[in-house]
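> Sharing a structure here in structure tokens format.
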Amino acid sequence: MQVIRDPQKLILALKKSKAGKNKTIGFVPTMGAMHTGHLNLIKQAAKDNHIVAVSIFVNPQQFGPGEDLKFYPRPLKKDIQLCRKQGVDFIFLPDNKIMYPDGYSTFINVGRLSHLLCGAKRPGHFRGVATVVAKLLNIVKPDNLYLGQKDAQQAIIISRMIKDLNFPVKVNVLPIVRFKDGLALSSRNTYLNKNERTSAVVLFKALRLAEILVSNGQRNANRIISRMSQLIEKNKKAKIDYIAIVNQEQLKEMKKVKTGSLIALAVKIGKTRLIDNTIIGCI
Ligand code: PAF
């Protein structure tokens, strides 16, 4: 496994390792603090491709003022060990200066998709995500990109950007990985104290409630959202940021739930903002 910090060096190393052999590259972009969700993406990339590249970069452009950029966990040694264990071939480990040198001026805005749901609460977040992912795709030039469904809006926005800008890469979105009690794995779970960790299951419980209501015949999105809100509000540590029922293509709010509707929510547990979602199966 090679750990490479310089984009030009990575471009050359990947070119050399692909050279004339029709090998495919699977790419998993991360901000580190890896958990089983990331490892699943890496495992799938290894299954599907000859070469696996992982980036570890806590991208300052996707954090707003007052967000957790400073505190975001950075267990680099452990992350590198985990990647080695999974058989990763290349880790790209750039720093801020190399990604955004003095005079850096180019950003990618993926239209209105970026201003809805999490984008409404975190202005500039998806501009930062789209910009860094575009840069990473230009450096790694993967055949396959692996993303987690937990960040549903991110996956939708990146897929849109890839389509709009003709990046020659296939997007693979893998299911959410959960703890036994239902909490979705997230690097930000490490911020939760014991009581908050217990409370955090409320996101999953609210999504389960929505699924049960739908399977019992409820289709009215407002009623479902209202029942989810009631459940969450019973928990003193939880503060709803948003709950939305939208279509997956345009993140457009839906009055009636349909097959394929995305139910997404963001809830603050203490000071930690968590997100989760479910897609309604065949109804
Ligand atoms: O999901 C993440 O970890 C980040 O948003 C990503 C895609 C690596 C871009 O910084």
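The values are calculated or read from the model by the stated rules, or taken from the named source; none is laboratory data. Everything numeric in this text was worked out from a predicted model, so none of it was measured. Ideal geometry is used to build each Cβ from the backbone, glycine not excepted, and the neighbour counts take in all protein chains shown.
> From V202, V214, V257, which residue is closer than 22 Å to K121 by Cα, among the aliphatic types (A, V, I, L, M), crowded, with 20+ Cβ neighbours inside 10 Å and in contact (Cβ under 8 Å) with a residue 40 or more places away in the chain?
So the residue among V202, V214, V257 that is closer than 22 Å to K121 by Cα, among the aliphatic types (A, V, I, L, M), crowded, with 20+ Cβ neighbours inside 10 Å and in contact (Cβ under 8 Å) with a residue 40 or more places away in the chain is V202.
> Being surrounded by fewer than 20 Cβ atoms within 10 Å (Cβ to Cβ), within 11 Å of the ligand (Cβ to nearest atom) and of a type in the set (A, V, I, L, M, F, W, C) is the filter here; which residues of the range 117-144 pass it?
Within the range 117-144, A134 is the sole residue that qualifies.
> Here's a follow-up. With the requirement that a residue be in contact (Cβ under 8 Å) with a residue 40 or more places away in the chain, out of contact with any Asp or Glu (no Cβ under 7 Å at 6 or more places or on another chain) and more than 14 Å from the ligand (Cβ to nearest atom), what does the range 18-40 give you?
Scanning the range 18-40 gives a single hit, T36.
> Another one. Would you confirm whether or not the range 224-242 contains a residue that is within 16 Å of the ligand (Cβ to nearest atom) and either crowded, with 17+ Cβ neighbours inside 10 Å or within 21 Å of the chain's Cα centre (by Cα) (or both)?
So far as the range 224-242 goes, no, none of its residues is within 16 Å of the ligand (Cβ to nearest atom) and either crowded, with 17+ Cβ neighbours inside 10 Å or within 21 Å of the chain's Cα centre (by Cα) (or both).
> Give the range 63-90 a look and list any residue that's within 15 Å of the ligand (Cβ to nearest atom), farther than 12 Å from L39 by Cβ and crowded, with 19+ Cβ neighbours inside 10 Å, or say none.
Matches in the range 63-90: none.
> While we're here: Kindly establish whether V171 is part of a strand (DSSP E or B) and at pLDDT 95 or above.
Yes, satisfied.
> Can you say whether L147 is within 14 Å of the ligand (Cβ to nearest atom), surrounded by 16 or more Cβ atoms within 10 Å (Cβ to Cβ), outside any strand (DSSP E or B) and of a type in the set (A, V, I, L, M), as far as the supplied structure shows?
no
> Something else: Would you mention how many residues in the range 41-62 are within 15 Å of the ligand (Cβ to nearest atom), within 17 Å of I80 (Cα to Cα) and either without any contact (Cβ under 8 Å) to a residue 12 or more places away in the chain or assigned to a helix (DSSP H, G or I) (or both)?
Going through the range 41-62 one residue at a time, the tally reaches 3.
> Then there's this: What do you reckon, is R160 away from the ligand (no atom under 12 Å from the Cβ), buried (at least 17 other Cβ atoms within 10 Å of the Cβ) and closer than 17 Å to A264 by Cβ?
Judged against the criteria, R160 is a match.
> Go through (1) more than 27 Å from R160 (Cβ to Cβ); (2) under 18 Å from the mean Cα position of the chain (by Cα); (3) of a type outside the set (K, R) one by one and return the number of the condition L251 breaks.
Of everything listed in (1) more than 27 Å from R160 (Cβ to Cβ); (2) under 18 Å from the mean Cα position of the chain (by Cα); (3) of a type outside the set (K, R), L251 misses just condition (1).
> For residues in the range 96-116 being of a type in the set (S, T, N, Q) and over 21 Å from L147 (Cβ atoms), which is surrounded by the fewest Cβ atoms within 10 Å (Cβ to Cβ)?
Per the stated criteria, the residue is S105.
> Now for a separate question. For the structure I just gave you, tell me whether N189 is farther than 20 Å from T30 by Cβ, more than 11 Å from the chain's Cα centre (by Cα) and either away from the ligand (no atom under 13 Å from the Cβ) or not in a strand (DSSP E or B) (or both).
no
> Could you check the range 1-55 and list, in sequence order, the residues that are among the small types (G, A, S) and surrounded by fewer than 16 Cβ atoms within 10 Å (Cβ to Cβ)?
Within the range 1-55, A19, G20 qualify.
> All but one of (1) within 16 Å of T278 (Cβ to Cβ); (2) away from the ligand (no atom under 16 Å from the Cβ); (3) assigned to a helix (DSSP H, G or I) hold for N195, so report the exception by its number.
That leaves (1) as the condition not met.
> Another one. I'd like to verify a number: residues in the range 63-89 that are in a helix (DSSP H, G or I) and basic (K, R), how many?
Total satisfying the criteria: 4.
> So, V3, is that one touching a strand residue (DSSP E or B) at 6+ places or on another chain (Cβ under 7 Å), of a type in the set (V, I, T) and within 16 Å of the ligand (Cβ to nearest atom) or not?
So V3 fails the test.
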